[in-house]
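Please treat every number below as a calculation from the coordinates, not as lab data. A quick note: this is a predicted structure, and the numbers were derived from the prediction, not measured. Note: ideal-geometry Cβ built from the backbone for every residue, glycine included; neighbour counts use all protein chains shown.
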Amino acid sequence: MTEPAAPHRRPEEGHRHGRLSARATVVAQAAPPGTSPLADPWGGRPGLRHVPPGDGPYRLVVLLHGAGGSAEQGLDLLLPLADAHRLLLLAPQATASTWDLIAEGYGPDVARIDALLAEALGTYPVHGVTFGGFSDGASYALSLGLTNGDLVDAVVAFSPGFAAPLVTHGRPRVFVSHGAADRVLPVDVCSRRLVPRLHTLGYPVEYAEFPDGHEVPAEIRRRAVDWLVG
């Protein structure tokens, strides 16, 4: 991983590198609070958006589901805590059964997430952008978050398998959790290797290991949100 000097993407870096172009713009009329469908700009399966009550600014959190999962499962990762902590949640739906990076490399999912981010950043007052996810979604959140650290200032990765940025920008802070009894993505070959590597590369990492399997216990979710907002 390298640290480029420029704060924005280089001309040769685009969606195939995992780079996002969305940035905060003039805020338009915001949608009312609550959960609503998030239409895919290319006509694919819709995602979900949750807007907390009250005026912004909000922390924008993009939540990515695991392999074979759904936008609903992504949203549910932090939905019970969103209103109390003023988290504006976006939960995209992967184009295929999992995210493009895991299958064939960065591509259509990056473009879709970029478009959804641009719409949200042009509609709501936002004071920070977080990428989060579970399992394959956690690996994707880490990969996109490290790639786009000039936009994303925090990453929450529940039981990730890896991080695979092709380029890196910035140094977002990172929260990683993993179950010691995980049989899907064993902790010894995943987070116990990944977290020290991130530390070595200069990323500030908070690591939470728990005794259970491939899941996200309620206490881990609360700890992640306390870390995120605190």
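Near residue 113: Cβ cut-off under 12 Å, other residues only, Lys/Arg at +1 and Asp/Glu at -1. The net charge is -3. Helical runs assigned H by DSSP (4 residues or longer) give the chain a calculated mean residue ellipticity at 222 nm of -8000 deg cm²/dmol, each run adding -39500 (n - 2.57) before division by the residue total. Taking one quarter of the surface of the C-alpha convex hull of the chain gives a mean projected area of 11.5 nm². Each Lys or Arg adds one and each Asp or Glu takes one away; over the other residues whose Cβ falls under 9 Å from the Cβ of residue 204, this sums to +1.
For residue 123, nonlocal amide neighbours, meaning residues 5 or more places apart or on other chains whose placed amide H falls under 5 Å from its own, are 28. Using Cβ point charges alone (K and R +1, D and E -1), the dipole size of region 89-182 about the Cα centre works out to roughly 240 debye. Before anything else, pin down the relative contact order of the chain: Cα pairs under 8 Å, at least 6 apart, normalised by residue count, whole percent. Value for the chain: 20 percent. Remark on residue 175: its backbone amide H falls under 5 Å from those of 155, 156, 157, 206, a criterion applied only to residues 5 or more positions apart or on other chains, H modelled at 1.01 Å from N.
For residue 45, neighbours were defined as the other residues whose beta-carbon sits under 13 Å from its Cβ, and their charges (Lys and Arg +1, Asp and Glu -1) total -2. Length, then width, then depth: along the principal axes, the Cα atoms of region 93-209 run 41, 30, 23 Å.
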